Each structure stands twice: as structure tokens, then as C-alpha cells.
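Report on the following structure.
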Amino acid sequence: FDAILNAVVMELQRTQGAKVKLTLEIEAEATGGFPDSEVSVVRDNAKQLKFKAESTGFED
């Protein structure tokens, strides 16, 4: 992420008045699903990182 930040985002922010939005999408699949313990850890970590609450859902 440092490379993206330094090579792209910082360059775009050089322009006065520029607004830069960086979006990250994470998609993960597990054949048997993810154990509840792992889901709990991921949700807690996402909360600590201030992810949007609605974006941390898991599908059955």
C-alpha cells in the first residue's frame, strides 16, 4: 500500500483543491466457510481499522 500511496495518491494530492478517494475491496472464499473464531477476529480488526460497519458482513 505504501507504493500506491507514494506513487499515485500523493501525486494526485499535489494539485491544489484535489480530493482523492481510495477504495479497497477485499473478497475471500473458503470451501467450507470461515470458522466463527476467524470471522470474529476479522470483524474486530475491521472495527479497529474503522471500516464501515455495513462492509464487514460475511455471506453464508
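Listed values, structure above:
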| item | result |
| --- | --- |
| Pairs with Cβ under 7 Å, 6+ apart, first in region 1-25 and at pLDDT 90 or above, second not hydroxyl-bearing (Ser, Thr, Tyr) and not in a loop (DSSP other than H, G, I, E, B) | ALA18/LEU12; VAL20/VAL9; VAL20/LEU12 |
| Identity of the residue in region 26-51, touching a residue at least 12 places away in the same chain (Cβ under 8 Å) and outside any helix (DSSP H, G or I), that ends up surrounded by the fewest Cβ atoms within 10 Å (Cβ to Cβ) | GLY33 |
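This table checks each residue for (1) farther than 21 Å from SER55 by Cα; (2) out of contact with any strand residue (DSSP E or B) (no Cβ under 6 Å at 6 or more places or on another chain); (3) among the polar types (S, T, N, Q).
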site: GLU11; (1), (2), (3): yes, yes, no
site: ARG14; (1), (2), (3): yes, yes, no
site: ALA18; (1), (2), (3): yes, yes, no
site: LYS21; (1), (2), (3): no, yes, no
site: GLU25; (1), (2), (3): no, yes, no
site: GLY32; (1), (2), (3): yes, yes, no
site: SER40; (1), (2), (3): no, yes, yes
site: ASN45; (1), (2), (3): no, yes, yes
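The values are calculated or read from the model by the stated rules, or taken from the named source; none is laboratory data. Source: prediction; values computed, not measured. No Cβ is skipped: glycine too gets one built from the backbone with ideal geometry, and neighbour counts run over all protein chains shown.
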